[in-house]
Amino acid sequence: MIRITAAALLLATSAPVFAETHNIAPGEGAQERLQEALILAEPGDEIVLEAGHYVLTDGLSLDVDNVTMRGAGMDGTVLDFTTQAGSGEGLLVTSDNVTLRDFALENPQGDGIKSKGADNIVYYRIRVTWTNGPDAGNGAYGIYPVESTGVLIDGAKVTGASDAGIYVGQSNLITVRNSIAEANVAGIEIENSRNALVEHNIATRNTGGILIFDLPGLPVMGGGNVIVANNLVVANDTANFAPPGNIVAGVRRGTGIMVMANEAVLIENNILQHNPTAPIMVVAYTQQFEDERYNPLPREVVIGANNYGVGGDDPQLDGAEMLVAAFGGALPPVMWDGLGSLYTVPGTAGWSMNLTEQGAGLDNVQPSPLSAPAPAGEFNREGIGAPAELDARIL
Amino acid sequence: MKRSLALLAASALALGGSFAAGPTVPQTVNDSVVTGDAMPRNLGEYGFFLDPAARLPSAALVPYELNTPLWSDGADKLRYLYVPEGAVIETDGDGLLQFPVGTAIIKTFAFGEGDDQRYIETRVLLNRADGWTALPYRWNEEQTQARLALAGARVPITTPDGEEISYRIPNKNQCKSCHSLDDAVLPIGPKARNMAPELLALLVADGRLAAMPQIPRALPSWSDEAASTEARARAYLDVNCAHCHQPGGGASNSGLDLRWEQDDLFALGVNKPPVAAGRGAGGLLVSVEPGDPDASILVHRMNSAEPGVAMPELGRSTIDHDAVTLMRDWITEMDQ
């Protein structure tokens, strides 16, 4: 029995008893040396990227389970993709139980780090920067986990993405926290995903700070069970620089926290300041669609207590001048299109467009002060967030 | 690194006897190398070819072609199939042939005509007990030896169109990026519907293929102007795009499904907005806008060589202009 227990313990902790450390230094042949280490790594191994500046010409990829890639800090180890000549991202991860920590990517030609079908992944103190600032020619996503169960992003920093800085798509059991998203089109975006916790982040100088979207026509739909809490969402006032055609190209400059479609979303204890279109926006999917599996309405969206500063004072909306004048100089902090179901704690000021039909455009806006019922009970927080095992990896 | 390299070294030692004298190669295919768990450092170790330069295939290799091949910067491709003695390939309708363990698929990429032809790389797919393994080998300048290029490489090339390019040999993981479905590595090319009936009949007659597969609708050669524009375009998309753009493929999250058998227009991109294309969308609103190729993201991305925009993401550094023309014709002809 003792032997069995010991073996079980080894499995349970996935302790890298026989693990090896592969040290990589910058300089001549870094591309080949690093990529070879990523290919030859065995489960449990750690790849250590020494401090320095790595010039890389092609995307990197990792396809071995249970590997850690560790740099010497997000300002110490820099993977520079400015001269990247191939691949759609800087680093692609397709294996499970991977930990990426303490390094940076600069100027990837496409996405920064994409992890696809990579369950239980941790991004810890990762930086992705497009060094020229907001530019439509920058890559789309900085940190991009998709189709994964178990995602923890902690202490990350993403700047300049032409779509979303931190984008979690078609995934489940997600935590994004303690991270900074600055000068992207969307700071943090949770799309077609369930059980996501977005807390203690800073979203600033984006076009929109934090977006919770559910879209039709994707393999995974039915986003919901999302908590957006304790975030600092400030001065998201960068003009939208997304290439037209992408869904975020429709995000209005000055959006703080935006929910589109989705089921069961809680927004509370955030500090919202200087988001000139809408500190909080709750809307149905705006376009026509044919997907029968899809519900375009926001349902069971709960606006808890938040700290609202200046906002809604320079909205990028049709008839802005008249709207602002009608509401006495600034729109109240919560904007709803009137579709689906919204609950707000007493004392929440807002306005509704009172739309009656999804996908019909904004021709029939009948603005009025918001009148939404109070939440019926406690928001069900069960099962929301990344599995505890992921926390344990970065203790 | 130490342990892994030691493993490689050990495998080289085990085979050392037959190589100590220099660039000689075994006269028969070395089944234990094909099915073993090592990553041979030199292509010669498999014994696929009679000469070190791999110009003379072993008699056990079956050369084959595909009706519509993958386009790779205009490279010529020499394809061989090896099935071990006594093993039999099963069929799966008109789809991928079901190869027995011990199978090897060998593809050499070459540029240049006649005597000027130079081998750049040889990619092998090995069907081992725990699944397929894909390995890239890079030819040396002297054309005498192809060595394992786990991390890939870049090689300056002049394409048949006269373009000077930095040709990319994929790394081992990039092999898998295309050759993966539901996380398993699989061959892409040898689907019954994309192979000549004569070749399939030959394999049946040889006892290597269990039965003649049923093929209701074969892929045409995409350059065969006798075939309809739609069939040619769909054949090209199936071969060049659908390994990622299908459920379970590398680009499944896009919702775009470009397989030959897909008949839902939205899944094929018609009036479908992009999902995660980013700047790759080029400011266009849908993948395919019937009647308007200039408004179709599919054309825009095939007509770019810029990383982050270009599709496919891997395997090409230049634009396949003939294919772009075909896509434009197909979209122009569509009912609006």
Inset, instruction - Considering only residues that are within 7 Å of chain A (Cβ to nearest Cβ) and among the small types (Gly, Ala, Ser), look in region B:277-286 and name the one that is surrounded by the most Cβ atoms within 10 Å (Cβ to Cβ). - result: B:GLY278
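Assess whether A:LEU173 counts as being within 19 Å of A:ARG393 (Cβ to Cβ) and out of contact with any helix residue (DSSP H, G or I) (no Cβ under 8 Å at 6 or more places or on another chain).
Numbers: within 19 Å of A:ARG393 (Cβ to Cβ): yes; out of contact with any helix residue (DSSP H, G or I) (no Cβ under 8 Å at 6 or more places or on another chain): yes.
Judged against the criteria, A:LEU173 is a match.
Select from region A:171-185 the residues that are surrounded by fewer than 24 Cβ atoms within 10 Å (Cβ to Cβ) and farther than 14 Å from A:ALA229 by Cβ and write down the one among them that is farthest from the other protein chains (Cβ to nearest Cβ).
The initial filter retains those residues of region A:171-185 that are surrounded by fewer than 24 Cβ atoms within 10 Å (Cβ to Cβ), namely A:172-173, A:177-178, A:180, A:182-183.
Keeping just the survivors that are farther than 14 Å from A:ALA229 by Cβ gives A:172-173, A:180, A:182-183.
On the way: A:ASN172: 14, A:LEU173: 17, A:ILE180: 21, A:GLU182: 18, A:ALA183: 16 Å.
Once the filter is applied, the top-ranked residue is A:ILE180.
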Inset, instruction - Could you grab me the full set of residues in region A:95-106 that are within 14 Å of chain B (Cβ to nearest Cβ) and either among the hydrophobic types (A, V, I, L, M, F, W, C) or within 19 Å of the chain's Cα centre (by Cα) (or both)? - result: A:VAL98, A:LEU105
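Given A:VAL122, A:VAL158, A:VAL128, which one is touching a Leu at 6+ places or on another chain (Cβ under 8 Å), crowded, with 24+ Cβ neighbours inside 10 Å and within 14 Å of another protein chain (Cβ to nearest Cβ)? Don't jump to the end; show me each part of the working.
Numbers: A:VAL122 fails: within 14 Å of another protein chain (Cβ to nearest Cβ); A:VAL158 fails: touching a Leu at 6+ places or on another chain (Cβ under 8 Å).
The match here is A:VAL128.
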Legend entry - strands (runs of 3 or more DSSP E) fully within region B:102-197 counting 2 or more residues that are more than 12 Å from chain A (Cβ to nearest Cβ) and within 13 Å of the chain's Cα centre (by Cα): B:104-111, B:118-128
Inset, instruction - Check whether at least one residue in region B:22-42 is surrounded by fewer than 18 Cβ atoms within 10 Å (Cβ to Cβ) and closer than 30 Å to B:ALA231 by Cα, and report yes or no. - result: no
Legend entry - region A:218-246, residues that are among the aliphatic types (A, V, I, L, M), surrounded by 24 or more Cβ atoms within 10 Å (Cβ to Cβ) and more than 23 Å from A:THR175 (Cβ to Cβ): A:ALA242
Legend entry - Single unsatisfied condition, B:GLN246 versus (1) surrounded by fewer than 19 Cβ atoms within 10 Å (Cβ to Cβ); (2) part of a loop (DSSP other than H, G, I, E, B); (3) more than 9 Å from chain A (Cβ to nearest Cβ): (1)
Legend entry - First in region A:373-395 and under 16 Å from A:ASP119 (Cβ atoms) and of a type in the set (D, E, K, R), second anywhere and at pLDDT 95 or above and assigned to a loop (DSSP other than H, G, I, E, B), Cβ under 8 Å, 6 or more apart: A:GLU389/A:ASN120
Inset, instruction - Only residues in region A:32-48 that are more than 8 Å from chain B (Cβ to nearest Cβ) count as the first member; pair them with residues that are at pLDDT 95 or above and assigned to a helix (DSSP H, G or I), Cβ under 6 angstrom, at least 6 apart or cross-chain, and list the lot. - result: A:ILE47/A:ALA37
Inset, instruction - Could you tell me whether any residue of region B:287-308 is within 13 Å of chain A (Cβ to nearest Cβ), over 30 Å from B:ILE169 (Cα atoms), modelled with pLDDT of 90 or more and assigned to a loop (DSSP other than H, G, I, E, B)? - result: yes
Inset, instruction - Report yes if some residue within region A:62-76 is crowded, with 22+ Cβ neighbours inside 10 Å, outside any loop (DSSP other than H, G, I, E, B) and at the interface with chain B (Cβ under 10 Å from one of its Cβ atoms); otherwise report no. - result: yes
Inset, instruction - Filter region B:257-271 down to the residues that are buried (at least 21 other Cβ atoms within 10 Å of the Cβ) and within 13 Å of chain A (Cβ to nearest Cβ), then identify the one that is nearest to A:GLY137 (Cα to Cα). - result: B:GLY269
Legend entry - Sole exception among (1) within 14 Å of another protein chain (Cβ to nearest Cβ); (2) β-branched (Val, Ile, Thr); (3) surrounded by 21 or more Cβ atoms within 10 Å (Cβ to Cβ) for A:ILE188, by number: (1)
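The values are calculated or read from the model by the stated rules, or taken from the named source; none is laboratory data. Just so you know, these numbers come straight off a predicted model, no measurement behind them. No Cβ is skipped: glycine too gets one built from the backbone with ideal geometry, and neighbour counts run over all protein chains shown.
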